[in-house]
Amino acid sequence: MLRRFLREVFPKIISAKAHSVIDYGYVGGNLIAAAIMRKNNRAASSAAFGLAFAALLNAVLTDYPLGVFRVYSFRTHGVVDYGISAAAEMVPKMMEFTEHAERKYFRVLSASGLLVAELSNYGETFGSVRTKNHLSMTQRRSATD
């Protein structure tokens with residue numbers, strides 16, 4: 001029941017291609033924020049760099065339109081996205097940030113990551129090389145049987 005409600009509230013409108021563009025924007029935004037925070041709060045800066053690295057690694061390993069190594073599926077990418085968003089939410093508490101601006105940045109980062117994750121269609125296989133290869137192998141096996 002809750003799942004159906006969430007599907008109605010958050011329709012899956014973000015395609016794999018759009019999601020991949022958003023991911024690289026997320027990485028770039030975190031790198032810029034990390035550079036800006038570097039002077040005043042090295043811990044916050046390091047956390048932003050860490051989240052940027054995690055998001056970049058997730059993007060390049062995903063089998064979707066802008067993925068590079070295509071190690072795992074877009075659906076698996078979604079699970080990692082939720083983990084990165086959870087980490088962004090926990091950073092201010094774990095690192096005991098006293099400045100409101102840094103706490104707010106990581107909370108907004110977490111919320112925006114969760115929103116993108118909820119709106120993404122992780123069942124989509126457009127641009128998937130692994131799915132195409134799997135289908136072509138399956139079709140070749142069927143033809144030889």
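Per-residue answers, yes or no, for (1) polar (S, T, N, Q); (2) free of Cβ contacts under 8 Å to residues at least 60 places away in the same chain; (3) touching a Leu at 6+ places or on another chain (Cβ under 7 Å):
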| site | (1), (2), (3) |
| --- | --- |
| Arg7 | no, yes, no |
| Lys17 | no, no, no |
| Tyr24 | no, yes, yes |
| Phe53 | no, yes, no |
| Thr62 | yes, yes, no |
| Ser73 | yes, yes, no |
| Asp81 | no, yes, no |
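Counting only helices (runs of 4 or more DSSP H) that fall entirely inside the stretch 23-131 and contain at least 3 residues that are of a type in the set (S, T, N, Q), the qualifying elements are 42-61.
Just so you know, all these numbers are worked out from the coordinates, no wet-lab data involved. Predicted model, so just to flag it, every value in this text is computed and none were measured. In this analysis, Cβ positions are derived from the backbone assuming ideal geometry, glycine residues included, and neighbour counts consider all displayed protein chains.
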